[in-house]
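Sharing a structure here in structure tokens format.
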Number of protein chains: 2
Amino acid sequence: MNLVEKIKKFYKLTEKELEASAHAFKPAAIPAKTYFMEEGKVANHVGFIERGLFRSFFYDDNANDITTHFFQPGTVLISMKSFNDQVPARENIVALEDSEIYVINHEEMMELYKRVPAWRQITKDVDEMKYNDLMNRSIQLQTLTAKERYELFCQNYPEIIKRVALRHIASYLGIDIATLSRIRKKL
Amino acid sequence: MNLVEKIKKFYKLTEKELEASAHAFKPAAIPAKTYFMEEGKVANHVGFIERGLFRSFFYDDNANDITTHFFQPGTVLISMKSFNDQVPARENIVALEDSEIYVINHEEMMELYKRVPAWRQITKDVDEMKYNDLMNRSIQLQTLTAKERYELFCQNYPEIIKRVALRHIASYLGIDIATLSRIRKKL
DNA sequence: TTCTTTTTTTGACTTTTGTCAAACAATCCA
DNA sequence: TGGATTGTTTGACAAAAGTCAAAAAAAGAA
């Protein structure tokens, strides 16, 4: 199990702790278009993506669908604020492809914290990684032109470019779809 | 002491804990232009701003000074990743005005965690608030025009508008200074 | 205060990005 | 398979935003 291996590598868990961790996460097959999370609901699950692709999005004042994040294999699938604070989420998360994840619900996570205290640290580290990603994204939106943002995105997420509808990438980068189409043509 | 009152309001600390908390933070006068934090250094302090104003910034590839955040009275002055993980910071933090803050260093903070466990929660909550702010900022950069960003900024931070150089606001909003000057003229 | 330096504004112009609508292409199911 | 639907590209144009340079204004320092 990929997740356990990752954990093993960075956090020194005993065999028992590893066992408990492995059992806490249940495999789940998520068909494309399934909502992992819905706006207004409290997040009850965290997932670890084995295979597939997800995106988070919300609707702006003009009912435009705005993508805020893409979730790739090997990363944590979470509506962070909602899960951590158990408050209603502002965004949706939906599977873009048939996906396979490992899930744990909030209650089980609290249980896991008790059994394997290291999970508090793991959670903290994941949260910090997400914060960092967001900081980088914010700086890119602040300082780069549309073309530069797209080029950087292609570099950093070649897989996503291949597999995701252009309009989602456009909204994620804050670029009009027609403009992005033209930018792409030039490259 | 403002900080203690805030804490008192939201977290139920015993008198002893309040005492310990109050003693852990030392008042400090920070003259304008003083660096609270420097790029490349590990953050050793967290501050709580009583009076004054700070900004964080970094230099981009073209040596442009890019403002990433303004810190107002009543908020926490921190280079979050650097302080939390004790790794070198990527940004500078500098006082824009003569300021008064309450500071605590890393070691004392660890000590405070032991004496007053509630501080772990306080820290977590502050971190989450910062994450939220960043999320909002990111969405604004992604979805709003330069004019809309400026208008929203004026609404949300009327104090900052009055007191900070326009070029810092321009870089914070990701707008050219000449463009922002024109936007402002129209309003 | 006066001189210097820094910051902001402005003009003339260019480039980037967005808008609208239509054509085209791809995808989805029934 | 074949409409129907959804997504992408394109053209013609408009609006937004950036660039460069100079002037004006403001802030700092001696």
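Please work out which residue is farthest from DNA strand C (Cβ to nearest atom), limiting yourself to the stretch A:161-187 and to residues that are among the hydroxyl-bearing types (Ser, Thr, Tyr) and farther than 25 Å from residue A:52 by Cβ.
That would be A:181.
Then there is this: Just checking, does the stretch B:91-105 include any residue being within 14 Å of chain A (Cβ to nearest Cβ), loosely packed, with under 15 Cβ neighbours inside 10 Å and either free of Cβ contacts under 8 Å to residues at least 40 places away in the same chain or closer than 22 Å to residue B:40 by Cβ (or both)?
No: zero hits.
Out of the residues in the stretch B:171-187 that are aliphatic (A, V, I, L, M) and more than 8 Å from DNA strand D (Cβ to nearest atom), which is surrounded by the most Cβ atoms within 10 Å (Cβ to Cβ)?
The selected residue is B:173.
Of all residues in the stretch B:130-152 being acidic (Asp, Glu) and away from DNA strand C (no atom under 15 Å from the Cβ), which is farthest from the other protein chains (Cβ to nearest Cβ)?
Of everything passing the filter in the stretch B:130-152, B:151 is farthest from the other protein chains (Cβ to nearest Cβ).
Quick check: is even one residue across the stretch A:99-121 closer than 27 Å to residue A:7 by Cβ, within 16 Å of DNA strand C (Cβ to nearest atom) and not in a helix (DSSP H, G or I)?
Going residue by residue through the stretch A:99-121, those that are closer than 27 Å to residue A:7 by Cβ are A:99-121.
In the following step, the residues that additionally are within 16 Å of DNA strand C (Cβ to nearest atom) were identified as A:99.
Subsequent filtering for residues that are not in a helix (DSSP H, G or I) retains A:99.
Yes, there is a match, as at least one residue in the stretch A:99-121 is closer than 27 Å to residue A:7 by Cβ, within 16 Å of DNA strand C (Cβ to nearest atom) and not in a helix (DSSP H, G or I).
Next up: For the structure I just gave you, tell me whether residue A:152 is at pLDDT 95 or above and surrounded by fewer than 16 Cβ atoms within 10 Å (Cβ to Cβ).
Judged against the criteria, residue A:152 is a match.
Next question. With A:55, A:137 as the choices, which residue is under 24 Å from residue A:6 (Cα atoms), modelled with pLDDT of 95 or more, crowded, with 19+ Cβ neighbours inside 10 Å and touching a helix residue (DSSP H, G or I) at 6+ places or on another chain (Cβ under 8 Å)?
When all the criteria are applied, what remains is A:55.
Taking the condition over 24 Å from residue B:54 (Cα atoms) and loosely packed, with under 15 Cβ neighbours inside 10 Å, does residue B:9 pass? Steps first, please.
Working: over 24 Å from residue B:54 (Cα atoms): yes; loosely packed, with under 15 Cβ neighbours inside 10 Å: yes.
It is true that residue B:9 is over 24 Å from residue B:54 (Cα atoms) and loosely packed, with under 15 Cβ neighbours inside 10 Å.
Additional query: Just the residues that are surrounded by fewer than 19 Cβ atoms within 10 Å (Cβ to Cβ) and within 24 Å of residue B:173 (Cβ to Cβ), please, taken from the stretch B:15-52.
Answer for the stretch B:15-52, where residues must be surrounded by fewer than 19 Cβ atoms within 10 Å (Cβ to Cβ) and within 24 Å of residue B:173 (Cβ to Cβ): B:32, B:33, B:35, B:39.
Okay, moving on. Any residue in the stretch A:153-174 that is free of Cβ contacts under 8 Å to residues at least 12 places away in the same chain and within 13 Å of chain B (Cβ to nearest Cβ) sitting within a Cβ distance under 9 Å of a residue that is assigned to a helix (DSSP H, G or I) and of a type outside the set (Ser, Thr, Tyr)? List the pairs, counting only those 6 or more apart or interchain.
Matching pairs, first to second residue: A:170/A:177; A:170/A:178; A:170/A:180.
The values are calculated or read from the model by the stated rules, or taken from the named source; none is laboratory data. All values reported here derive from a predicted model rather than from experimental measurement. Virtual Cβ from ideal backbone geometry, glycine too; neighbours counted across all protein chains shown.
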